[in-house]
Structure formats: structure tokens, C-alpha cells
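One structure below.
We did not get these values from a lab; they are worked out from the coordinates using the rules stated. In this text the structure is predicted, and so the values were computed from the model without any measurement. Note that we place each Cβ from the backbone using ideal geometry, even for glycine, and neighbour counts take in every protein chain shown.
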């Protein structure tokens, strides 16, 4: 009788272990299915150019956008945010739709074409003749800044108008712009960066106009 009792007890315990294991497995599957994986979101720099045209425009020059370089740390699909000057972080699910240099080059080309400050303006691959001037630039910062509860869009860049034959810099423009945004969501930071880009290109055009007007 005792042997039979022990065997039944072992069988019962074995059955219970299997049931408990099955219950735990089901619980794990249900838990994992309830965990939502964040969806990737993609962003573009965009604005509709607003330019105050001048009577002297267009200047009788052909101009080519040669290159916009972005510092390597910022030349990434991931949007960067920063709490301090010495530490940066990357959003895993908040991404640029294309790399920042392409976004910025497209903005510059569209802005200059809308402004019509030059007789002809095109990007590097769309001009067969040697231009009179090149435009080059470097982006040092394009990021979201966080300071306690405040959030900012931050843009640091340089733009140059270069005489193609002599290689001399005719216009050199540096900017370090920061704009507080109303909400922490990345889309508001991207809108802020777009506004800063528009201001930057307009100010660059103003410097070009002042320089070339003096040479007339």
C-alpha cells in the first residue's frame, strides 16, 4: 500500500509540475503579446520659402550647390538629443527620412530657386557647364536640446559662396541658432529646425545680395 501511495504521489506531483509549467508558458506568451514594440517614425525638414526679392535680381551668374557636409556624429539616420555639451544620445525610433545632408541640400536648392537671386542655380549633378560660383557648407550641430523642462531646436552651420575659378570665398556666413519649442515631441523640434534653416538661408542670401550689389 505504501509503495502504491508513493507512486501515486509522484505521478500527482509530476502532473502538477507539467500543469504549472504550461500555465507559466501561457502567461509568458500573453505578457509578451501585450508588450507593444515602439513604431519607427520618420521626419523631414520642410518649409515653404518666403523671400523678399530685390529689383537687382537675378544676378547674371550660374551657381552650383557643391556640397553640404555634416559632422560625422550628426550624419546619421537617428535624430540626436543632448542634455549637456559632453554627452549625446540617439533616438532609436525617431529617425530622419533620409540623411541630414540630403535634406539640407534639397532645402537650399529649393530656396534659391524660389528666390531667383541667380540666373541659374542647380545642385552638383544637374549642371553641365562650369558655374561662376559654388556654394558649400558644413553643419556642426542639428539636434534636440533638453534643459530641465525646456526643449530647444539647435542648429549650428556655415555657408560659403566661392568663386569657382579663383577659389576665393566671396561670402562666409556662420550661424548658431537655438529656438525653444512648445512641446517635447520630436516633431516640434523638427519644425523648429526647419524654421531655423529658413532663417539661415534667408540671411545667407541677404549677405550674398549685399556683397554682389557692391561689385556692380
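Bins of 10 Å, beginning at zero and ending with the bin holding the largest distance: percent of Cα pairs per bin for region 48-118, please.
17, 34, 26, 18, 6
Which FRET efficiency value, to the nearest 0.05, do you get for residue 84 and residue 174 by plugging their Cβ-Cβ distance into 1/(1 + (r/R0)^6) with R0 = 35 Å?
Working: r = 23 Å, r/R0 = 0.66.
With R0 = 35 Å, the Cβ-Cβ based efficiency is 0.90.
Assuming R0 = 45 Å, what is the FRET efficiency of residue 55 and residue 76, from their Cβ-Cβ distance, to the nearest 0.05? Numbers along the way, then the final one.
Values: r = 43 Å, r/R0 = 0.96.
Efficiency, from the Cβ-Cβ distance: 0.55.
Evaluate the distance, in nm, between pseudo-label points positioned 7 Å from the Cα of residue 146 and of residue 166 along their respective Cα→Cβ axes.
5.0
Exposure proxy check: 154, 111, 163 ranked by fewest other beta carbons within 10 Å?
Ordered from fewest to most neighbouring Cβ atoms within 10 Å, 154, 111, 163 come out as 163, 154, 111.
Under a plain spin-label model, where a point goes 7 Å from the Cα along Cα-to-Cβ, how far apart in nm are residue 128 and residue 67?
2.5
Region 39-72 to region 169-216: how many Å between their Cα centroids?
For region 39-72 versus region 169-216, the Cα centre distance is 10 Å.
Once you have the Cα-Cα distance between residue 120 and residue 41, take 0.36 nm times their residue separation minus that, and quote the gain in nm to one decimal.
Numbers: separation 79, 0.36 × 79 = 28.44 nm, distance 3.63 nm.
Additional length available on full extension: 24.8 nm.
Contact order normalised by length for region 108-216, with contacts defined as Cα pairs under 8 Å and 6 or more residues apart; what percent is it?
Details: 149 pairs, mean separation 23.4, N = 109.
It comes to 21 percent, rounded to a whole number.
Which of rounded, prolate, oblate describes region 92-216, given a ≥ b ≥ c as roots of the alpha-carbon gyration tensor eigenvalues and a/c under 1.5 marking rounded, otherwise prolate only if a/b is larger than b/c? List each step's numbers first, then the result.
On the way: a/c = 2.55, a/b = 1.92, b/c = 1.33.
Prolate is the answer for region 92-216, as a/c is 1.5 or above and a/b outweighs b/c.
Return 176, 75, 128 ranked ascending by Cβ neighbour count within 10 Å, so the fewest neighbours appear first.
Numbers: 176 11, 75 14, 128 5.
Ranked by crowding around the Cβ, least crowded first: 128, 176, 75.
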